[in-house]
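Below you'll find the structure, written out as structure tokens, and then a few comments.
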Amino acid sequence: MAIATDRKLEDLSINTIRMLSVDGVQAANSGHPGLPMGAAALAYVLWTEYLKHSPTNPHWFDRDRFVLSAGHGSMLLYSLLHLTGYDLPLDELKRFRQLDSLTPGHPEVNHTPGVEVTTGPLGAGFSNGVGMAIAEAYLAAHFNRPGHEIINHRTFAIVSDGDIMEGVAMEAAALAGHLGLGKLNYLYDQNHMTLAGSANVSFSENVAARFEALGWHTVAVDGLNTDDVRRGLDEALGVTDKPSLILCRTVIGYGSPNKANSFASHGSPLGPDEVKATKEAFGWPTEPAFYLPDAALERFREAVPRGRETEGAWDRVFEAYAAQYPDLAEELGDAIAGRLPAGWDTDLPTWEIGSKVATRKAGEAVIASFFPRIPTFIGGSADLNPSTNTGMKGAGDFENPNLPLTDKVQGAMGGDWGYGGRNIHFGIREHAMGGAVNGMAAHGGVIPFSATFLVFSDYMRPTLRLAALSGYHSTFVFTHDSIAVGEDGPTHEPIEHIMSMRLIPDLTVIRPADGNETTAAWRHALESTGPTVIVLSRQDLPTLDTSATTAGPNHGAYVLSGADATDLILVGTGSEVQLAVGAAEQLATAGINARVVSFPSWEIFEAQSETYKASVFGDGSIPTLSIEAGTTIGWCRYANASVGVDRYGKSAPGNKVLAEYGFTVENVVAHAKTLLGK
């Protein structure tokens, strides 16, 4: 344990964090000063003595990852980033929460140098950190060789009472404990205060006992005592087979004469008078604001040469590794850069016209074709591999390598058992699954995915939104995409779900109509840089005849037949495209020439040129009927009328439910004629 010898400098440095945070919140007249004031001491110890990072190269790959899960305390992170030498000028701290500043109200990845993940919604960062630790464990198992530990870093986080209360955090904690993620170390800022009052109005459980029951190592420390924090960190780092929760007892708003240990310092500025009183209590200059003592800044900036030295040592290790294992070094370089291996798509499957396949089964074939060629493709389902068909046979199970041999039987996919496996069994934890996938994507070096039924996307909506907001390269597979689920009934039959995901900006939603469109969907997911949702059917679908088209699903929407038809446009997605094809054939016998459009992705289509979009839908004068087994709300953007589902489903065989709800060629024809006034 490294005991600080210069207590005066240590106190000065910790108070620098506190006062920068107080001044930033006060300047904005908005924010959360209490957490930075209470957690400054533990953050100081972590960032100056334990965190492996290189401020001049925030993206150095073998750095430790730090997550401020309690994102409302963002001024703590911004203060640390500025002080330790990241490219975050003091002027940006002065512009906290202002338009276009680098210091938004909650941390945002890809916006502020040094911010690893977007946090704010409580529990999200907690689950992201679990994903980061999964990514590190897999990459270390896959790439490291004796004498060459090129992947060896930890994931740290500061979490709050609010994080610990959230259900997603507990899902993620259970997963982390089961997996034995020993390089996952969380400091729990246990100040017993929430925004609306003291935590004990709603929260009185024994947190340590709960986490120990989940398989975590726990240690309690005085979060205001730096030596005790060091003791807790040293103990946690010595536990290699369990994640660790360091319970740091702190005081929210520490040092504020009138607002310390009160929820009044949680979500509001201290106010000018209390800022002055607090600075006086600390012996701090009351003016100017954002005062930076030279000695403290010098202490923090020691992170810059130390980081360069650590990064340089890693570079030398990597050079030796590359000399001995050139193929692996190239593979890792591609993975870090986000490049797909050459020839990854060599064996992508295609389906012949007339053949039938459920798109979930088609997805299984597509995954099977490319996963051996993309060794960093990793993920799994929420206990639904037999139904989502997303298991990678022979790729092994990502599991706790310390599990007893007797536990390594059920659910095994074949191949390695341990951190080198690529099939993650997330368990029935959809929300944590999404959070972990986002954390894996934020970590980098892997291409993560998750899978569950479409109706359960409700459990994942917060993580879908954060994936889109943050631009994570996450892929979310949702199967059993409509009332065709059938016998399971309305609880399992999605109605509004596809449209609700289309409402999320920067999220690409793809609903393929057949096996070939499913192949295209996976190509998009792998080649894109942002998040993709792939929505797949339970039931078999016929392979479309695309011989008449010059475009394809990579355009988002394309004309299947009747490119010159101007009487009517029939546009469908997924399993309903076949109804459009059948209806067009029947309408032709009545002298009505219909254009058939397959429309797997609104987002991809909207990215096309205006000329291309007009080639699909014309100038808006052609009557258009949409066909989708989901809510009709939103289709007015493209269609004049819709065949859809605006009520809950029923329990019966899928084909009978579809017929009951009007998903037949005959009903589509009837709606088309009504639209045309015939």
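Among DSSP bridges having both ends in the chain, what percentage is antiparallel? Round to the nearest 5. Mind showing how you got there, number by number?
On the way: 8 of 66 bridges.
Once the DSSP bridges in the chain are tallied, antiparallel ones form about 10 percent.
What's the longest bit of the chain with no exposed GluC sites (Glu not before Pro), using DSSP loop states and at most 13 other Cβ atoms within 10 Å as the test?
Numbers: sites that count: 205, 302, 352.
By the stated rule (loop sites, at most 13 other Cβ atoms within 10 Å), 353-678.
Roughly speaking, what is the centre-to-centre gap between the range 610-675 and the range 15-54 when only Cα atoms are used, to the nearest Å? With the range 610-675 and the range 15-54 each reduced to a Cα centre, they are spaced 54 Å.
The residue among 526, 203, 181 whose Cα reaches farthest toward the positive pole of the charge dipole of the chain, with charges on the beta-carbon of Lys, Arg, Asp and Glu, is 203. Taking amide H atoms as placed 1.01 Å from N in the peptide plane, the amide H of residue 159 lies under 5 Å from those of 187, 188, 189, each 5 or more residues away in sequence or on another chain.
Suppose every K and R has +1 on its Cβ and every D and E has -1 on its Cβ; what is the size of the dipole of the chain about the Cα centre, in Debye to the nearest 20? Don't skip to the answer; put the middle values down first.
Working: 48 positive and 77 negative charges, 104 e Å.
Around 500 debye, computed over the chain.
Could you work out the relative contact order of the chain? I mean the mean sequence separation of Cα pairs under 8 Å and 6+ apart, divided by the number of residues, in percent. Taking the mean separation of contacting Cα pairs over the length of the chain, I get 12 percent. For the range 177-281, applying the loop criterion from DSSP together with a ceiling of 15 other beta carbons within 10 Å to the chymotrypsin sites (Phe, Trp or Tyr not before Pro) yields 203. For the chain, count all C-alpha to C-alpha pairs, find those more than 34 Å apart, and express that count as a whole percent of the total. The answer is 50 percent, as a whole percent.
The range 538-592 and the range 509-531 have Cα centres lying 19 Å from one another.
At a Förster radius of 51 Å, what calculated FRET efficiency corresponds to the Cβ-Cβ distance of residue 287 and residue 208, to the nearest 0.05?
Values: r = 44 Å, r/R0 = 0.85.
The formula returns an efficiency of 0.70 here.
Across the accessible surface of the chain, with the other protein chains kept in place and a 1.4 Å probe, carbon and sulfur atoms take up 51 percent.
Which lysines, if any, have their Cα less than 29 Å from the Cα of residue 94, not counting same-chain residues under 8 positions apart? Partners found: 8, 52, 259, 276, 279.
In this rough spin-label picture, where each label sits 7 Å from Cα along the Cβ direction, the residue 590-residue 276 distance is 8.2 nm. Residue by residue, the range 198-210 carries 3J(HN,Hα) couplings of 5, 4, 6, 6, 9, 8, 9, 7, 8, 5, 4, 5, 5 Hz when phi is fed to the Karplus relation 6.51 cos²θ - 1.76 cosθ + 1.60 (θ = phi - 60°); x denotes Gly or Pro. Distance from the C-alpha centroid of the range 213-292 to that of the range 297-355: 37 Å, rounded to the whole angstrom.
Looking at the chain, the accessible area is 37 square angstrom per residue; that uses a 1.4 Å probe and ignores ligands, DNA and RNA.
Here the Karplus relation 6.51 cos²θ - 1.76 cosθ + 1.60, evaluated at θ = phi - 60°, turns the backbone of the range 634-641 into coupling constants of x, 6, 4, 4, 10, 10, 8, 8 Hz, with x for every Gly and Pro.
The values are calculated or read from the model by the stated rules, or taken from the named source; none is laboratory data. If you're wondering where the values come from, they're calculated on a predicted model, not measured in any experiment. When we count neighbours, we look across all protein chains shown, and the Cβ atoms used for this are built from the backbone with ideal geometry, even at glycine. Just so you know, the surface numbers come from the protein's heavy atoms only, side chains and all, with ligands and any DNA or RNA stripped out. Shrake-Rupley method; radii C 1.70, N 1.55, O 1.52, S 1.80 Å.
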